[in-house]
Each structure stands twice: as C-alpha cells, then as structure tokens.
1. Given the conditions (1) touching a strand residue (DSSP E or B) at 6+ places or on another chain (Cβ under 8 Å); (2) assigned to a loop (DSSP other than H, G, I, E, B); (3) on the phi < 0 side of the Ramachandran plot, and given that B:E52 satisfies all but one, which numbered condition is not satisfied?
2. Can B:D94 be described as modelled with pLDDT of 85 or more and not in a loop (DSSP other than H, G, I, E, B)?
3. Looking only at segment A:78-97, count every residue that is within 14 Å of B:Y56 (Cβ to Cβ) and of a type in the set (A, V, I, L, M) and tell me the total.
4. Looking at segment A:39-50, can you tell me whether even one residue there is in contact with a helix residue (DSSP H, G or I) (Cβ under 9 Å, 6 or more places away or on another chain) and either under 30 Å from B:T146 (Cα atoms) or at the interface with chain B (Cβ under 7 Å from one of its Cβ atoms) (or both)?
5. What number of residues within segment A:51-83 satisfy the criterion of being β-branched (V, I, T) and at the interface with chain B (Cβ under 7 Å from one of its Cβ atoms)?
6. Given the conditions (1) loosely packed, with under 13 Cβ neighbours inside 10 Å; (2) over 22 Å from A:R95 (Cα atoms), and given that B:S114 satisfies all but one, which numbered condition is not satisfied?
7. Tell me yes or no: at least one residue of segment B:40-63 is among the hydrophobic types (A, V, I, L, M, F, W, C) and under 30 Å from A:A46 (Cα atoms).
8. Is one or more of the residues making up segment B:70-81 part of a loop (DSSP other than H, G, I, E, B), among the small types (G, A, S) and either modelled with pLDDT under 85 or out of contact with any Pro (no Cβ under 7 Å at 6 or more places or on another chain) (or both)?
Amino acid sequence: MAAGGYMYYQFSVVPMQRELDELKGVVMAQELRNQEQIAAIAAIQASVEKATKANAVLQQNNQQYETEMADYLDIFRRHNISKLASAKPGMIEKRVNASTEAVFNEIEDISKRIHSLND
Amino acid sequence: MKSKILASAFILLTISGCSLFKQAPREVQIITKPVQIQITQPIMPRPIDLKEPKWYVVSDSKIIEACLKDPETKKSNCKLGREDLYPEGYTYFDKFVADIKKKHGGDLVFIAMSIDDYELMSYNTQELKRYISQLGEVIVYYRDVTIDDEPAAAVGVQVEE
C-alpha cells in the first residue's frame, strides 16, 4: 500500500509539481516580457511623436522659405526694372546694392545659425 | 539482508529517475527593451562669409545734380540751386565710364550684365538661399530627433533570450 502510494507520488505528483514550477517560471517570464514590451512600445511612440513634431516644424519652415522666395521674385514681376533703371539708374543702383547686401547677410545668418547648433 | 536493502535502494533510485533530488526549474529570461542609439553630433561647418560686389546701374539718362544744402538747416534746398559736379548733359553712362577709367588706370574694362541677367542672378541667389535654409532645417530636424537629451530620440528594440 505504502509502496503503491509512494509510486503514485513519484510518477504522478512529482512530474506535475515540476511542470507546475516550470509553468510558473514561464508565466513570470511572460509577465516580465509583457511589461518590458509595454515600455518599449511607449518609448517608440514617444520617438515617433517627437519625429512627427519635428517633421511638422520642418515642413512649415520649408513652406515659409518657398513663400519668401516667391515674394522676393514677385518684385521683378510687379516692376519693370528695365524701365526704372533706364529712367533712374542712381535710385536703382542704391536699391540693387542694398538688396544684395541684405540677401548676403541673410545667407550668412542662416549659416551662423546652423554653425551654432552645438553651442 | 544487506543485499536486499541495497537492491531496494538501487531499484528505487532507478525507477524514480533520481527525482528525489529535486532540482529547481531552469529560469527563462526574456528581455525586450528599447536601446538608445548614441549618435555623436558632428561639428557644424564654418559659417558663410560673403563679400558684397558693387553693382553699377548705367543708362544714358542725364544726371540731375543734387540740391544744395542750406548751411543753417543742413537740409537740401533746391531753391538755393544745385550742385555743379558734372558738365551740362553729363549722363550716368559718362560717369560710369569715367569712374571705371579712374579705377583701372585709364583703361575702360568691365563685365556687363543686362537687366534680364541680373534678374536671373537674383533668382539664383534666392534659390541658393532657399536651399541652404531648407537644408539647415533638415539638419535641425535630424539633430532634434537624434539628440540624447530625451530617451525617445532613437529607439531600437532588442530581444535578449
């Protein structure tokens, strides 16, 4: 009887207990993985959000540069520079030189801004 | 009797598969975590240093002399007359030729550009400015998303098993 009980314990209960322990370990590991995956997804979402915001700013600024350029070139469409230069060369000369200086200064400022990014 | 005990012990160990010596189950470790990619920010290029050329706008229009200044108010007053710097009928072209000759030791040499070509040059300069600006924004974008001040900057998923 005792031997039978012992045999039953050894062949049925012990393997079940071992399997139960292993399954407990697997569940714990899965829970840990689940938590870490949630954290990873949150980090990826934050990264995507950050990139999306930066991209929106980039698009907006790029659009502004396109508009600025179109506005500047519109001056030539609105005025007959040939006629003005022929009639008032002195006035146009002053404006042409001032505009050249202004646009060169703007380009210098843009490059200074990029240069000082790491400061 | 001794041999029976030994035999029983041997049989017991054989049929139980040494399960009496209980071993803890092997621990399974599955780790998934975001990995921050360390990107060294490059040294930015030296700023642009541009020198302004002088444009001459020349036509055959006559130069209208500037009004004389009132010595008391120091303001131009055309009632007082006009400056007499140039001969009668002196044009902007005449002045330009004289200036250039003076600059180049009597030689008349210059590079000319038509109004249309000046407009093209303006367009090209604006196009370059736009490109530099937009390229700068792209640099700012990449810098913002890769800078390591926030953990979400560059995330990779690594699974360790």
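The values are calculated or read from the model by the stated rules, or taken from the named source; none is laboratory data. A quick note: this is a predicted structure, and the numbers were derived from the prediction, not measured. Methodologically, a virtual Cβ is constructed for each residue, glycine included, from the backbone with ideal geometry; neighbour enumeration extends over all protein chains shown.
1. Unmet condition: (1).
2. So B:D94 fits the description; yes.
3. 4
4. The answer is yes; a qualifying residue exists.
5. 1
6. (2)
7. Within segment B:40-63, one or more residues are among the hydrophobic types (A, V, I, L, M, F, W, C) and under 30 Å from A:A46 (Cα atoms).
8. Yes, there is a match, as at least one residue in segment B:70-81 is part of a loop (DSSP other than H, G, I, E, B), among the small types (G, A, S) and either modelled with pLDDT under 85 or out of contact with any Pro (no Cβ under 7 Å at 6 or more places or on another chain) (or both).
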